[in-house]
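J.: Take this structure first; my questions come after.
The values are calculated or read from the model by the stated rules, or taken from the named source; none is laboratory data. What you see is a predicted model; the values in this text were computed from it and never measured. In this analysis, Cβ positions are derived from the backbone assuming ideal geometry, glycine residues included, and neighbour counts consider all displayed protein chains. The protein model used for the area step is the full one, side chains on, heavy atoms only, and it has no ligands, DNA or RNA in it. Shrake-Rupley method; radii C 1.70, N 1.55, O 1.52, S 1.80 Å.
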Amino acid sequence: NEPNGDISWARIKSYAQEVIDVIVENDPNSIIIVGTPVWSQRIIAAADSPLDYPPAMYALHFYANDKNHKQGLRDDAVVALAKNCPIFVSEFGTCDSGGSGTVNVEETIKWFKLMNDNNISWVNWNFADKNESSSLLNEGSCEAEDWLNITNSGRIIKWALSDAELSR
């Protein structure tokens, strides 16, 4: 999911190939998402040396308010896409990577435009009512079963799901 620290793409790739071989024995048509180095942020490494399994996709994670997850990381995604690297954003947030802090609407919109323009599927972190910026629901919503009691992050995700053109 999120190889962290100084784990090289070569090591991740080797491990992923072992796991893929077992999965393919059981289901030869599987689409498999493989994490990339540094908490799934070094997508170019996978683009430069893809797995020997064409249905593999490569994970990219971002948090819209982290200083290292802005235009530079979007540029990396564009480079990887130009190399025919299939990307799946298997985790992202509208705030910082710790789940808290400011919800960065402007950067989140830039990411959504990139993902929409390039048909990149995504999964948001997190559908919860924890007292933090990344939660889509306000605290207490789960216990009350009030799924419409959404936070600022929840409003952005709802908007992104309902407006394919991302108009404001």
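J.: Among the listed residues ASP75, ASP52, ASP21, which satisfies the condition of being more than 19 Å from GLY98 (Cα to Cα) and not in a helix (DSSP H, G or I)? If you could, list the steps in order and put the result at the bottom.
T.: Details: ASP75 fails: not in a helix (DSSP H, G or I); ASP21 fails: not in a helix (DSSP H, G or I).
Among ASP75, ASP52, ASP21, only ASP52 is more than 19 Å from GLY98 (Cα to Cα) and not in a helix (DSSP H, G or I).
J.: Now a separate question. Would you point out which residue out of SER153, SER90 is under 30 Å from ASP27 (Cβ atoms), touching a residue at least 40 places away in the same chain (Cβ under 8 Å) and either open to solvent by less than 50 Å² (accessible area, probe 1.4 Å) or assigned to a loop (DSSP other than H, G, I, E, B) (or both)? Outline the logic, then answer.
T.: On the way: SER153 fails: under 30 Å from ASP27 (Cβ atoms).
SER90 is the lone residue from the list that is under 30 Å from ASP27 (Cβ atoms), touching a residue at least 40 places away in the same chain (Cβ under 8 Å) and either open to solvent by less than 50 Å² (accessible area, probe 1.4 Å) or assigned to a loop (DSSP other than H, G, I, E, B) (or both).
J.: Kindly indicate which of SER14, SER49, SER40 is farther than 28 Å from ILE109 by Cβ, open to solvent by less than 50 Å² (accessible area, probe 1.4 Å) and modelled with pLDDT of 95 or more. Talk me through it step by step, then tell me what you get.
T.: Numbers: SER14 fails: open to solvent by less than 50 Å² (accessible area, probe 1.4 Å); SER40 fails: farther than 28 Å from ILE109 by Cβ.
Every option except SER49 fails the conditions.
J.: Check off (1) more than 30 Å from VAL103 (Cβ to Cβ); (2) open to solvent by 50 Å² or more (accessible area, probe 1.4 Å); (3) in contact with a helix residue (DSSP H, G or I) (Cβ under 8 Å, 6 or more places away or on another chain) for TRP9 and give me the number that stays unchecked.
T.: With (1) more than 30 Å from VAL103 (Cβ to Cβ); (2) open to solvent by 50 Å² or more (accessible area, probe 1.4 Å); (3) in contact with a helix residue (DSSP H, G or I) (Cβ under 8 Å, 6 or more places away or on another chain) applied to TRP9, the lone miss is (2).
J.: Among (1) open to solvent by 10 Å² or more (accessible area, probe 1.4 Å); (2) out of contact with any Phe, Trp or Tyr (no Cβ under 8 Å at 6 or more places or on another chain), which single condition is ALA77 missing?
T.: Only one criterion in (1) open to solvent by 10 Å² or more (accessible area, probe 1.4 Å); (2) out of contact with any Phe, Trp or Tyr (no Cβ under 8 Å at 6 or more places or on another chain) is unmet by ALA77, namely (1).
J.: Can you tell me which residue within region 129-148, out of those that are touching a Gly at 6+ places or on another chain (Cβ under 7 Å) and either over 22 Å from ASP96 (Cβ atoms) or in a loop (DSSP other than H, G, I, E, B) (or both), is least open to solvent (accessible area, probe 1.4 Å)?
T.: Taking region 129-148 first, the residues touching a Gly at 6+ places or on another chain (Cβ under 7 Å) are 129, 132-134, 136-137.
This time we only want the ones that are either over 22 Å from ASP96 (Cβ atoms) or in a loop (DSSP other than H, G, I, E, B) (or both), so: 129, 132-134, 136.
On the way: ASP129: 36, GLU132: 34, SER133: 31, SER134: 1, LEU136: 19 Å².
It comes out as SER134.
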